[in-house]
Amino acid sequence: MKQGGSTLLVGEGNFSFAAELCDGVDRNTRIIATCYESEKEIVKHKNAVKNIALLLEKGAEVYFQVDCTNLQQCLHLKSRLLDRIIFNFPHCGRKAGVKKNRELLANFFLSCAGIVTTQGDVHVTLCRGQGGTAADHPTREWHNSWQIVAMAARAGFVLSEVLPFDCTHYYGYTSTGYRSQDKSFDVDLALTHVFTRSQPFNEMKPVVMETMIGSEHCSFHIPEELVEKINRNFLQKGSNHPVNIINELLRKQISDMANVQELEDNFPLFSKPCLQCDDAICRAELYWVSCSSCQEGKSRSTERVHVADAQCCDVSMPVSDLRLGNKTGQNAGCRIMNQAGVPDMSEDCRRYCLRPTLTGCVHNVLQRPDFRTGVIYVVSGTVFRKCLISPQTMPAFHEMVLVGACSDKTTADILGLFIYSVERAISFLVKSASSTTASVDTSLGSITFKEEVSGKSWNVCFRDMNHPDFTDLTVAKLVCIPHKQDNNELSICITSINLDLLSMVLYHINDWRMLWTFDERFLNQISATELKPFCEFSLYPPSYSHDVSFWLDGDEKPDELTLHALVRRVSRDSVKELKLIDSFCHAETKRMSYCYRLTYQSCDKALSYQQALEMQLRLRDELEKSFKVTLR
C-alpha cells in the first residue's frame, strides 16, 4: 500500500487488520479505523480490545457505530477528504443474498465519492468468486456475483487494479464475522479490488466553426458525435500523444531513406465535392455540414472556433481508393442515403463536408511553385469519416499522406522508393516496440504489402498477430496513378497511413476510443523514447445489452452508416457493438421489422446500468425523429 496521506478503514471486526496495517506504515500515514458496531458490542470479538489499544497507542483514530454507506454523516469524518478507504470482506450479515450485498457495495461507493480525494482510491477485498470479474478463479456467473465493477460505476469509480489478498503480509490478522458471529472464514484466493475515480460524462456543448469561403464569412455546426474530437491538436509540436510520436518517428525514418519535404496542415477542414465527384467519393461516409445561413434559428452554440478556408475537392484524386481500416465493415453501407442521409448537391449548393481524407490535397501539392519530381511530400492531419461501430474503426482519425511524382520512364524507381521507405519505416517501429518487452515480441507480427490492383494499388497489412482483432489489419495504402502536368506525363505515388491504427498496434491499445480519452492516466503512460505496451486503467468494465426493434415502411434497410453515427452521438461513444440480430417482413402489411442489439461498454469511464438505460431511451426517441420509424 502507498505510504502517506490518510487511510480510512470501515467495517472492521476485531480491528486486527487495522492494527497490523498501522504497524507497517510510516509516520506520514494517518490511520482512521472504524466499525459498524458499538463499543460495547465490539468486545465480543477476540483480541478486539487489545487491537484497539494498540491503534490508539500508535496515534490512530478509532470510532464506533460508523455506517460505511453514510460516511458523510459521521461527525468525525465531516468536512474531511481522505486519500484511501479500505473495506475488507463486506457483508450484510447472516445469510444475506447477492442482491443485498450488491446494494451494500453500491451505497458504500456512493458514500465514498463524497469524501475521497480526486486522486484517491478505494480498496475492497472480497472472497474468491464474489467480485464477478475475470480475475476471479473460479469465476462465478455474472448474475450470481456481487458485480462489483457495476456497483462502483454507479458512483463514478473504475476498477484500476486487482491484487491477491495475502494475509501473511498482516501477521496478526484474523478474519471474523462469519454469519455475524465471532467465527473466522476462508480468505484463500481472496482479491483486493482497487478503484479510482473516472472522468464523468459531461454535457455535450454544441460547437460552431467559422471560416471564410471566398469573401463570405460562414459558420458550420459540427456533428455532435465529433465535438470532442475537433481541435484536440494531438499532432502539434511537443505533443506526447501516441499518434504524434508515431507521426514524428515515421517522418524521421522516411527522411533517412529519401528526399522528404514536410508540409504544414494548412488545408481546409471543410470541402465541397462537385457533382462530378460522386464516383470518386463514397458520399455515404461523409459528414455533411451546412452554412449558418442554412440553419437560421437553430444556433445554440456555446463555442466558436476559427478554421482555414473551405474549398472544392479535386476530382482527379482517387479518394475512395484510400480507405483504411479493418477489412470487415469499413465499406458497408456506401451508397447514397435516402433516410436522414446525404443531401442532393444539385439542390443545396451550400452543403459542405468535413474532409474525409488528406488525399484531396494532392492537387495543391502538385500545383506548388516549388514542386519537384523525386521528392516525397509529407502532410499529416485529422480527417473525418462515418464508419460502422467497432473497436478498430473510428469516425475521426489522423492520416499521414505521402506524395511523390516522377516521369513515366522512372515510375519503377519512385514506386520502389515509396514501397521501400514505407515498409522500412513501419518495420522499424514494429521492431522498436517488439524490443521493449518480451511479451510484445510474441504478439507483433510482420508487415506485408498486398497488391490490390496490378502495378497500381497496394495495402500495408499486419499479419500473423496473436490479437484476433489485429489480424490482417490494413494500416496504410499506396496507389500509383498517371497524371499530366505542363505537357509532361507523370506517375503520382500516394501513400495514406492511418496513424491511429498504427499507434494502437504498436502501443497495444485495444480500443480506438482510448486515443481520444481526456483521462490524464492515458498520456501519463506514453513515452516518446520507448514504445511500451499501454496498461488499461479501467479493468473489466461492465457491459449492458439493450435491444431496439422498429417497423420501417418499404423493404429497404436503414442506412447503416447513418444509424451507427446516430448511436455514437446518443451514447457518447459508449456503445462497443451494434448488431442486427433479426429482421422480417409482415405478411399482410409488407412492412419490415428490424431488431438491433447494442452493447454498452466504456473503455475509460465508469458507465452504470442507469446511464446506459437513459442513453437507450434517448436513442429510441432519436430513431423516431431521424428515421421516421415506428418503435415496437
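Taking a point 7 Å from the Cα of T589 along the Cα-to-Cβ direction, the residues of segment 527-570 with backbone N closer than 18 Å to it are 548-558.
Counting only the Cα atoms, segment 1-116 fills a convex hull of 102 Å³ per residue.
The string of couplings for segment 250-258 from the Karplus curve (6.51, -1.76, 1.60, θ = phi - 60°) is 4, 4, 5, 5, 5, 5, 6, 10, 8 Hz, one whole number per residue in order, with x for Gly and Pro.
Enter the Cα centre distance for the pair segment 546-617 and segment 148-162, rounded to the nearest angstrom. Between the Cα centre of segment 546-617 and that of segment 148-162, the gap is 26 Å. Rolling a 1.4 angstrom probe over segment 211-257 with all protein chains present gives an accessible area of which 45% lies on carbon and sulfur atoms. Report the calculated FRET efficiency for E61 and T599 (r = Cβ-Cβ distance, R0 = 35 Å), to the nearest 0.05. According to the calculation, E is roughly 0.20. May I ask you to derive the relative contact order of segment 79-138, considering only C-alpha pairs under 8 Å and at least 6 residues apart, and to give it as an integer percent? This gives 48 percent for segment 79-138.
Cβ-Cβ distance of S545 and R372, R₀ of 56 Å, FRET efficiency by 1/(1 + (r/R0)^6): the value works out to about 0.50. The residue among P533, L501, L619 whose Cα reaches farthest toward the positive pole of the charge dipole of segment 498-632, with charges on the beta-carbon of Lys, Arg, Asp and Glu, is L619. The distance linking segment 82-101 with segment 198-237 is 45 Å (Cα centroid to Cα centroid, whole angstrom). In this rough spin-label picture, where each label sits 7 Å from Cα along the Cβ direction, the E161-E451 distance is 5.4 nm.
Of the solvent-accessible surface of segment 81-181, computed with a 1.4 Å probe over protein heavy atoms with every protein chain present, carbon and sulfur atoms account for 50 percent. Note on segment 491-632: Cα Rg divided by 2.2 N^0.38 Å, N the number of residues, gives 1.34.
Put a dot 7 Å past the Cα of K44, heading toward its Cβ, do the same for Y171, and the two dots end up 3.1 nm apart. Largest accessible area first, the listed residues M204, M209 line up as M204, M209 when surface is computed with a 1.4 Å probe on the assembled protein chains.
Stokes-Einstein diffusion for segment 555-631, with the hydrodynamic radius set to the Kirkwood value over Cα pairs and evaluated at 10 °C in a medium of 1.306 mPa s, equals 118 µm²/s. Note on D23 and S427: their simple-model spin labels are 6.1 nm apart, each label 7 Å out from Cα toward Cβ.
The residues of segment 80-232 have, on average, 46 Å² of accessible surface per residue, using a 1.4 Å probe with all protein chains present. Each Lys and Arg adds +1 at its Cβ and each Asp and Glu adds -1 at its Cβ; summed about the Cα centre, segment 506-607 shows a dipole of about 180 debye. Counted residue by residue at 0.36 nm each, then reduced by the alpha carbon distance between them, the extension gain from Q72 to K237 reaches 54.8 nm. Using a cut-off of 32 Å between Cα atoms, the listed pairs K272/K605; K78/K100; K237/K605 include K272/K605 as exceeding that distance. If R0 equals 22 Å, the separation of the Cβ atoms of M212 and H363 corresponds to a calculated FRET efficiency of about 0.65.
The values are calculated or read from the model by the stated rules, or taken from the named source; none is laboratory data. All of these numbers come straight from a predicted model, not from anything done at the bench. All Cβ positions, glycine included, derive from the backbone under ideal geometry; neighbour counts span all protein chains shown. Accessible surface is based on the protein model in full, side chains and every heavy atom, while ligands, DNA and RNA are left aside. Shrake-Rupley method; radii C 1.70, N 1.55, O 1.52, S 1.80 Å.
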